[in-house]
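Before any comments, here is the structure.
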Amino acid sequence: MENRKNWTREEVLELYNKPLLELVFEAATVHRQHHDPLEVQVSTLLSIKTGGCPEDCGYCPQAARYHTDITKNDLMSVQTVKAQALRARSSGSSRVCMGAAWRNVKEGEDFDQVLEMVRTVRDLDMEVCCTLGMITPDQARRLSEAGLYAYNHNLDTSEEHYKKVISTRGYEDRIETIGNARKAGLTVCSGGIVGMGESIEDRAAMLVTLSNLNPYPESVPINALVPVEGTPMEEQEQIPIWDMIRMVATTRIVLPTATVRLSAGRTEMTDEGQALCFMSGAGSIFAGDKLLTTPNPDINKDMELFSTLGLVPQKAYKKGNKPAVNENYKNSNSEGGKVKWSRPAHEIEANIAATKTAKEKRKLEANS
């Protein structure tokens, strides 16, 4: 099979709807052609700045407009991040992904601090990934020169369904941010969330969009929605494990050389379900007790499962070279002025209702 193909939605749907065992077999075959099936990258996700995000993403407890139980935190210190990274490395992680609840990166002390975090973790011989919202070409350049290995910016879903999930930014902003990261020499991590009320056609459309990026992402997280009380999607039912297996397997076939990341939602999966995901082409998990704000299996439990299945953690930089550091990352060169990211005009009833409920709850709390 070729590494790259111009997939159509119909072709991806035909794959997704194959008899499950046939789909898993085909995906496992493709996986073995391009990856070591017994190696799984263990990544640790750190929320370096939690809560207070101005976006209205319907799935996200970090949106300031919703009333959730997350604990908000200011930006972590470089030393705290280093300590967390060392702990992660000792537990078998080879990659640290740092997430900040920002709409987009703004120049200033906070971004300078993030750049020092990147360099510090890179110097521990770990791959460093960041997910900071939308970034300009110069910000991408500075992250790259500080030693960043990958930039994560998920598409989340199809362009059509996206309008039912988020109203505060446009789909094109996501594509532009991915392009900015790519032009700066960063590898790209981009995937989506299943279980947000999307159709199977939407899932296929997202994979078609990812496959049409040139090159397509080196890393593709597949998340199962974790419904959080207070968000517009709190009433969504958890998707069946079979949907996750189908999505992992289809992603593996459509994007054969990418690392498919089994991401959020693993606490609801049995060991057997996860095993089928690994068989179907998942080559990475996120370790740690939380994925930003949602629960995640204990690392010891993950290592027990690895032992049972005969899996081993993948070493850092197995699939790419360690980035060099250029001291110029300390210098901003944003001569083109501020980038104006889009703010779509449409409204999402569920998001508006959740915002209204949050305001009422806060008012009651203030008066109690």
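Tabulated data
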quantity	calculated
Förster radius 30 Å - calculated FRET efficiency between Asp243 and Lys356, Cβ distance, rounded to 0.05	0.45
Region 188-266 versus region 342-363: alpha-carbon centroid distance in Å	25
Simple label model, 7 Å out from Cα along Cβ direction - Thr8 to Asp69, nm	4.9
For the chain, Cys with no neighbouring Cys Cβ under 4.7 Å	Cys53, Cys130, Cys189, Cys277
Estimated FRET transfer efficiency (Lys363, Thr270; beta-carbon r; R0 41 Å; 0.05)	0.45
Average accessible area per residue (Å²) across region 171-286 - probe 1.4 Å, nucleic acids and ligands excluded	31
Column: log10 I(q)/I(0), Debye, Cα scatterers of region 201-250, q = 0.13, 0.18 Å⁻¹	-0.42, -0.72
Estimated Rh, the chain: Kirkwood, alpha-carbon pairs, angstrom	20.8
Pairs of alpha carbons in region 20-174 whose separation is greater than 20 Å (percent)	58
Contour minus Cα-Cα distance for Ser307 and Ile200 (0.36 nm per residue)	35.1 nm
31 Å Cα-Cα threshold exceeded, pairs from Lys82/Lys319; Lys72/Lys106; Lys340/Lys363; Lys18/Lys164	Lys340/Lys363
Cα-projected label distance for Lys319 with Leu21, points at 7 Å along beta-carbon direction, nm	2.9
Farthest positive-ward along region 140-286 dipole, Cα basis, beta-carbon charges - from Gln274, Ser158, Val208	Val208
Stretchable slack from Asp36 to Glu234, in nm (0.36 nm times residue separation minus alpha-carbon distance)	67.5 nm
Cβ-placed point charges (K, R +1; D, E -1), dipole of the chain about Cα centre in debye, nearest 20	920
Eligible aspartates and glutamates near Lys163 by straight Cα distance, threshold 16 Å, same-chain separation 8 or greater	Glu55, Asp56, Glu172, Asp173, Glu198, Glu201, Asp202, Glu347, Glu349
Accessible surface, 1.4 Å probe, highest first, among residues Glu127, Glu234	Glu234, Glu127
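The values are calculated or read from the model by the stated rules, or taken from the named source; none is laboratory data. Small disclaimer: the values here were computed from a predicted structure and weren't measured. So basically every Cβ, Gly included, is an ideal-geometry build from the backbone, and we count neighbours across all protein chains shown. Each accessible area value is taken on the protein alone, full model and side chains, heavy atoms only, with ligands, DNA and RNA left out. Shrake-Rupley method; radii C 1.70, N 1.55, O 1.52, S 1.80 Å.
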